[in-house]
1. Could you list, in sequence order, the residues of the range 65-95 that are open to solvent by 90 Å² or more (accessible area, probe 1.4 Å) and polar (S, T, N, Q)?
2. Looking only at the range 47-64, count every residue that is within 15 Å of Arg35 (Cβ to Cβ), open to solvent by 60 Å² or more (accessible area, probe 1.4 Å) and not basic (Lys, Arg) and tell me the total.
3. Can you tell me which condition Gln65 does not meet? The list is (1) modelled with pLDDT of 95 or more; (2) not in a helix (DSSP H, G or I), and all the others hold.
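The values are calculated or read from the model by the stated rules, or taken from the named source; none is laboratory data. Since the structure is predicted, the reported quantities are computational estimates derived from the model, not experimental observations. As a convention, Cβ positions derive from the backbone with ideal geometry for all residues, glycine included, and neighbour counts pool all protein chains shown. With ligands, DNA and RNA removed, areas are computed over all heavy atoms of the protein, side chains included. Shrake-Rupley method; radii C 1.70, N 1.55, O 1.52, S 1.80 Å.
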Amino acid sequence: MNNDYLDPINSLHMPELADTTFAMDFLIRAKESVRNISVALTESSSPNVRAAFKKQLKQGIAMHQEITELMIKKKWFHPYELTEQFKLDQLSANNTIKIGKMNLFPIETNRKGMFDRTPDEN
C-alpha cells in the first residue's frame, strides 16, 4: 500500500477487507443488542413486554452465534486460537496506520494515464 489513496493498487483485496470489517461490526452490534435487551428485560415489569424481550433476546443470541460461526468458517475470527487472532488484529492495526498516513486530500488529483483505457465518453 502506497500513500496515494487514488492509486488502483490500493484497492487490491479491498472487497475481502470490507467483508471482514462489516462482519466484525455486525458481530459487535449483535453483542450490544443482546446486552441492551438483557438490561431492558430486567427493568420491565409487564408480562407482555417481558415476553417480547425474551423472544428478542433469544433471536439476538441466535444471530450472534450465526455471525460468529460464519466468521470462524471464513477465518475472519479466531476466538479459540489467540495467536491467529493476534495476527489478524496486528494486520488490521497496520492497515489502519497505513490508511491514516495516506494523503487523502492531495493537491494534484489528475489520474490521467494510470488506467489501462480511457474513460467512457458520455
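1. Gln65, Thr83 - these are the residues of the range 65-95 that are open to solvent by 90 Å² or more (accessible area, probe 1.4 Å) and polar (S, T, N, Q).
2. Going through the range 47-64 one residue at a time, the tally reaches 4.
3. (2)
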